[in-house]
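What follows is a short report on a single structure.
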Amino acid sequence: MAKTKLLDQVRSKIRIKHLSRSTEKIYVYWIRKYIIHFDKTHPSQLSTSHIESFLTYLAEKENVAASTQNQAFNALIFLYKQVLRIDLPEIKHVKRAKKRHTLPVVLSKSEINLVFNCLKGTPLLVSGLLYGSGMRLNEALRLRIKDLNISYNQVIIRDAKGQKDRVTLLPQSVKLHIIELIDRRKMEHVDDLSRNRGFTILPGALSRKYPNADKELGWQYLFVSDKYIMSPENKICRFHFHPSYIQKAIKKAVRESGIIQPASAHTFRHSFATHLLENGYDIRTVQELLGHKSVKTTMIYTHVLNRGGLGVRSPLD
């Protein structure tokens, strides 16, 4: 039997552990770069000193951000511990990339409305959810119909960052549009089923545990693309929109609105948190809605509130 290629082993181990596809893409990228950096030497033939040398090279020669260097470090640790089953000595002699302390871009409510006025259709509805509930873009696009509790005005975000579920609010302003979208999805799904196309891709091993769940309405994505794809089981499926579709629409809307700040889809999440704090909501509540593990992460928004520098009143005023 042919031996499985190393990067395929990495992909397999990541999927067994139910890590996200974005994590898989990042880890494979850094492991491949590490191997190429040492003239395609197999990692089992490399030592801790090679890892230290590679990470230092990223900081000194490629000037990567601290978070990027940490991604590479985590990818290599995963490779050695989870795939190659090699226990590494402590890694000490690495020049760490400088950690930049940057404040998030936050738009005012009037600026948010200017951007929304330049959006329409699905990008407008998704952007409304991002600003109205604090979701990340991928969290919104991965929503399935069963994750929306219309009666309680709640959205359940499954397998979010850190592999945790959380509950956030469903904004009243988009509720009617969401109901109309669900009704359209019901009709599309009935039509898809009549043509043997009403399937979706289920997370993890659910397709084996619940063989018929992939054609149930509740498991269908809310924001589906018009294009069909083939599932691993060779079924014709509907998948959600690619993030770039929404990102490009928002970038165009920001440009047309005349806003100078480099706003993006994630800016709506930053604005959600900042505006809640401006309205007097407790920071612990905001932390829970955002899904932050530590309140220290949420504290960044206290520095961008509309109160001048750190809430201090200027003597000129």
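The values are calculated or read from the model by the stated rules, or taken from the named source; none is laboratory data. Every value quoted in this text rests on a predicted model; they were computed, and no experiment measured them. Virtual Cβ from ideal backbone geometry, glycine too; neighbours counted across all protein chains shown.
Answer with yes or no whether I178 is among the β-branched types (V, I, T), at pLDDT below 95 and on the phi < 0 side of the Ramachandran plot.
When the stated conditions are applied, I178 does not pass them.
Identify the residue in the range 60-90 that is charged (D, E, K, R) and part of a helix (DSSP H, G or I) and, among all such residues, is farthest from Q45 (Cα to Cα).
Checked the range 60-90; the qualifying residue farthest from Q45 (Cα to Cα) is E60.
Scanning for something of a type in the set (S, T, N, Q) and more than 30 Å from D159 (Cβ to Cβ), does the range 20-40 turn up at least one residue?
Among the residues of the range 20-40, not one is of a type in the set (S, T, N, Q) and more than 30 Å from D159 (Cβ to Cβ), which makes the answer no.
Looking only at the range 270-292, decide whether some residue is in contact with a Leu (Cβ under 7 Å, 6 or more places away or on another chain) and of a type in the set (F, W, Y).
no
Does Q69 satisfy being surrounded by 13 or more Cβ atoms within 10 Å (Cβ to Cβ), outside the structural domain of S207 (by TED's automatic domain parsing) and more than 30 Å from L277 (Cβ to Cβ)?
Yes, satisfied.
For a quick check of your reading: which helices (runs of 4 or more DSSP H) sit entirely within the range 198-317 and have at least 3 residues that are surrounded by fewer than 15 Cβ atoms within 10 Å (Cβ to Cβ)?
206-209, 243-257, 295-298
Quick one: H93 ticks every box in (1) out of contact with any Gly (no Cβ under 7 Å at 6 or more places or on another chain); (2) modelled with pLDDT under 95; (3) part of a helix (DSSP H, G or I) bar one, so which box is it?
So the condition that H93 fails would be (3).
Look at V106 and say whether it is in contact (Cβ under 8 Å) with a residue 60 or more places away in the chain, assigned to a helix (DSSP H, G or I) and surrounded by 15 or more Cβ atoms within 10 Å (Cβ to Cβ).
When the stated conditions are applied, V106 does not pass them.
Out of contact with any Leu (no Cβ under 8 Å at 6 or more places or on another chain), of a type in the set (S, T, Y) and over 28 Å from G204 (Cβ atoms): does that describe T122?
no
For the condition on the phi > 0 side of the Ramachandran plot, part of a strand (DSSP E or B) and surrounded by 11 or more Cβ atoms within 10 Å (Cβ to Cβ), what is the one hit in D165, D159?
Residue meeting the stated conditions: D159.
Which of the residues belonging to the range 134-184 are in contact (Cβ under 8 Å) with a residue 60 or more places away in the chain, within 21 Å of H242 (Cβ to Cβ) and either of a type outside the set (D, E, K, R) or not assigned by TED's automatic domain parsing to the domain that holds F272 (or both)?
M135, L137, N138, A140, L141, L143, I145, I157, A160
Report the residue count in the range 87-97 for those that are exposed (fewer than 13 other Cβ atoms within 10 Å of the Cβ) and within 24 Å of K13 (Cβ to Cβ).
Counting residues in the range 87-97 that are exposed (fewer than 13 other Cβ atoms within 10 Å of the Cβ) and within 24 Å of K13 (Cβ to Cβ) gives 3.
Residue under question is L58, and the condition is that it be more than 21 Å from R11 (Cβ to Cβ), at pLDDT 90 or above and not acidic (D, E); does it hold?
yes
Kindly establish whether P203 is of a type outside the set (F, W, Y) and out of contact with any helix residue (DSSP H, G or I) (no Cβ under 6 Å at 6 or more places or on another chain).
yes
How do the pairs read when you match residues in the range 6-29 that are among the polar types (S, T, N, Q) with residues anywhere that are modelled with pLDDT of 90 or more, using Cβ under 8 Å and keeping only pairs 6 or more apart or on different chains?
Cβ pairs passing all conditions: Q9/V83; S22/N138.
Of the conditions (1) modelled with pLDDT of 90 or more; (2) among the β-branched types (V, I, T); (3) not assigned by TED's automatic domain parsing to the domain that holds R142, V115 fails just one. Which one is it?
Going through (1) modelled with pLDDT of 90 or more; (2) among the β-branched types (V, I, T); (3) not assigned by TED's automatic domain parsing to the domain that holds R142 one by one, V115 breaks only (3).
Can you name every residue in the range 1-28 that is over 24 Å from L141 (Cα atoms), hydroxyl-bearing (S, T, Y) and assigned to a helix (DSSP H, G or I)?
S12
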